[in-house]
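Chemist: Got a structure for you, written out below as structure tokens; questions coming shortly.
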Amino acid sequence: MATIGWFILGAFIAPGVTWWRAGRRGIAVIVASVSVSLPLFMFVALPRAPKLGLAAMLASVVLVGANFVLGIIAVVVLRRAKQLEPWSTTSIFLIAVLLAGMPARFLPKREFENFQMPSESMQPSLVKGDHFFALKDRQNHPLERGSVIVYFDQLRGLHYVKRVIGLPGDTVEQVGDRLSINGVELERRPCVDQPAPCSLEVFGERSWRILPGFRGAGSWTVPPDSLFVVGDNRDNSEDSRFNGPIASVDVVGVARVIHFSIPNVQRSGKSIDPEP
């Protein structure tokens, strides 16, 4: 049983190796090609087309289970052919480990990072338990007014999720429960997919959901290389209205899609903000 266990593990790590050993070369090529290309496509697509990358990620999860089943089937084929000797099992496992490490050399590095929403400060856009990727490619995901970002607070040693409202040189003002940028008050509309008090805040061509609040009245001018950020849950967020603008260099990445949510599974795969 130990021999069979090592064999299945090898097949699980690098699918296709066991089928090649069993003489099923066509199946081996197909299984190995799909098992390598799908995760690679996922890593390439996620920073550029999050929804497409998310679909590839879900397909990869299904593929993991399928590979385990294929490994067991390959074991059965080899046992019937009396080709499952201990020495060949060990060699296949070692080859599988080596092959499994090769794709990692070609994966794009540091392009995104997974985060989980830890609080209610970004409701209704993000709720506690939402998982999302911070996309680090600034060329495809620039920092704009309305962007949801993850940044690292150097003093507290913690990551925070907030929305960019002001860019360098902007004057941000809050009067009552209304924000304005450079003297232009952000338009307010009712949410079409959620009940009150959810509101849709609009600036230019971008819009996002908020829970209006009166905390943090004041006026601020954003210094160079800085951003003014606020939480969408305006009465339940510690942000630039209280702590001042953040340094642009502390931004980790931009968040666009919820790839998974616990226990709100129905939120998985949805955009953080309404589609334009």
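Chemist: Is there any pair with a first residue in the stretch 257-273 that is among the acidic types (Asp, Glu) and a second that is surrounded by 19 or more Cβ atoms within 10 Å (Cβ to Cβ) and not in a strand (DSSP E or B) whose Cβ atoms are under 7 Å apart and which are 6 or more apart or on different chains, and what are they?
Modeler: Hits for this filter: Asp273/Ser125.
Chemist: Here is a follow-up. Does Glu201 satisfy the criteria of being free of Cβ contacts under 8 Å to residues at least 24 places away in the same chain and surrounded by 14 or more Cβ atoms within 10 Å (Cβ to Cβ)?
Modeler: Taking the combined requirement at face value, the residue satisfies it.
Chemist: If we keep just the residues of the stretch 206-236 that are under 26 Å from Val249 (Cα atoms) and acidic (Asp, Glu), which is farthest from the chain's Cα centre (by Cα)?
Modeler: Asp225
Chemist: Any residue in the stretch 180-193 that is within 26 Å of the chain's Cα centre (by Cα), free of Cβ contacts under 8 Å to residues at least 40 places away in the same chain and not in a loop (DSSP other than H, G, I, E, B)?
Modeler: No, every residue in the stretch 180-193 fails to be within 26 Å of the chain's Cα centre (by Cα), free of Cβ contacts under 8 Å to residues at least 40 places away in the same chain and not in a loop (DSSP other than H, G, I, E, B).
Chemist: Does the stretch 239-252 hold any residues that are surrounded by fewer than 15 Cβ atoms within 10 Å (Cβ to Cβ) and within 25 Å of Asn114 (Cβ to Cβ), and which are they?
Modeler: Ala247, Val249
Chemist: Based on what the data block shows, is Glu144 surrounded by 14 or more Cβ atoms within 10 Å (Cβ to Cβ), of a type outside the set (Val, Ile, Thr) and in contact with a strand residue (DSSP E or B) (Cβ under 9 Å, 6 or more places away or on another chain)?
Modeler: no
Chemist: Hey, does the stretch 213-224 have a residue that's assigned by TED's automatic domain parsing to the domain that holds Ile258, among the aromatic types (Phe, Trp, Tyr), surrounded by fewer than 18 Cβ atoms within 10 Å (Cβ to Cβ) and under 28 Å from Gly269 (Cα atoms)?
Modeler: No: zero hits.
The values are calculated or read from the model by the stated rules, or taken from the named source; none is laboratory data. Everything numeric in this text was worked out from a predicted model, so none of it was measured. No Cβ is skipped: glycine too gets one built from the backbone with ideal geometry, and neighbour counts run over all protein chains shown.
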